[in-house]
Structure formats: structure tokens, C-alpha cells
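Notes to accompany the following structure.
The values are calculated or read from the model by the stated rules, or taken from the named source; none is laboratory data. Keep in mind that this is a model prediction, so the values were computed, not measured. Every residue, glycine as well, gets a Cβ built from its backbone with ideal geometry; the counts of neighbours run over all protein chains shown. Quick note on the areas: whole protein, heavy atoms, side chains included, nothing else; ligands and nucleic acids left out. Shrake-Rupley method; radii C 1.70, N 1.55, O 1.52, S 1.80 Å.
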Amino acid sequence: ENGPPMDPRFYSIADLSPTGRIVSIIQAVYTFKTGQAGTTSRWIRSLNTGDIARAMFSKTDFHLPESDDSPLLLIATGSGIAPFRSFWTSTAKNPMHLFFGCRDQSELPFSSEIAQREKQGRIYPFVAYSRDAEKSMY
């Protein structure tokens with residue numbers, strides 16, 4: 001409203017509520033060396049619970065397989081981990097093998113959900129930490 005029009009920014013949806021009009025996205029807390037965050041990142045961080053935002057959705061073929069027997073390899077590079085959250089929060093019985101990398105354990109999104117589902121035998125995480133001195137993996 002207060003500035004020139006911007007091109008749309010695309011985010012991966014972490015969860016889309018089938019019963020309500022609620023969309024969850026994951027947005028990294030990253031700032032540039034100058035201390036600035038990107039325009040859209042700053043805007044998303046300024047939102048409060050209950051704020052309404054306009055969104056545009058596009059169709060996708062990204063979905064669980066029909067068979068619950070098919071193991072899933074969830075390789076969270078490039079698109080990140082957010083698109084896979086809907087898989088492990090679903091009622092699917094597929095074995096899920098999650099591959100993800102981050103600097104250290106504090107940067108692992110959804111860590112409590114992943115740990116809970118690992119204890120339940122629903123997900124097998126393989127997480128590489130690049131900056132954790134004790135757990136660094138390359």
C-alpha cells in the first residue's frame with residue numbers, strides 16, 4: 001500500500017489446515033551482515049497472531065504416495081524442511097527418512113516434533129550439523 005508494487009515472494013507451506021483458513025510457513029531468522037533482513041522477511045516478522053495477510057496459492061503435484069507401504073525419502077535441501085512437515089503430521093503410516101542439514105541443533109526447525117515422531121518410530125532423521133564441534137558432519 002505504501003510503496004511500489006513488488007514481485008510475489010514464494011514460501012513453502014509447512015501446514016495447511018483442512019478445517020480452517022490457517023496456513024503455517026517457516027521463515028528463517030536470518031539477517032545480512034549489515035544487520036538488515038530482506039523486505040518480505042521484515043514484513044513477515046512484523047505480523048502478529050491474528051493479522052490477516054493476502055496470499056496466492058499454486059497447484060502442486062507434491063503429495064504423499066497412495067500406498068502406506070512406500071518408504072519416503074525426505075531430502076530437505078533447496079526447498080528446506082517446511083514442505084515435508086505436512087507429511088509427518090499426517091496420518092500416513094509410511095516410513096519416513098528425513099535428511100537435513102543446519103549449523104547446529106538450535107537451528108533445526110520443528111525439532112520437538114521430529115524428536116517426538118522419532119520416538120514413535122514414524123520418522124528417522126539424519127541431520128548433519130556443520131558448526132557443532134562435537135557433532136559436525138560433512
Study note, to complete from the structure: Scanning the stretch 61-88 for residues that are loosely packed, with under 15 Cβ neighbours inside 10 Å and within 16 Å of the chain's Cα centre (by Cα) gives Phe62, His63, Leu73, Ile75, Thr77, Gly78, Ser79
Review point. Quick one: in the stretch 54-68, which of the residues that are of a type in the set (Gly, Ala, Ser) and modelled with pLDDT under 80 is farthest from Ser24 (Cα to Cα)?
Key: Ser58
Exercise for review: Evaluate the following for Ser106: is it open to solvent by 60 Å² or more (accessible area, probe 1.4 Å) and at pLDDT 75 or above?
Suggested key: yes
Study note, to complete from the structure: Inside the stretch 76-113, the number of residues satisfying the requirement of being of a type in the set (Val, Ile, Thr) and more than 21 Å from Pro65 (Cβ to Cβ) is 0
Practice item. Go through the stretch 42-85 and count every residue that is more than 25 Å from Ile114 (Cβ to Cβ), of a type in the set (Gly, Ala, Ser), assigned to a loop (DSSP other than H, G, I, E, B) and without any contact (Cβ under 8 Å) to a residue 12 or more places away in the chain. Key: 3
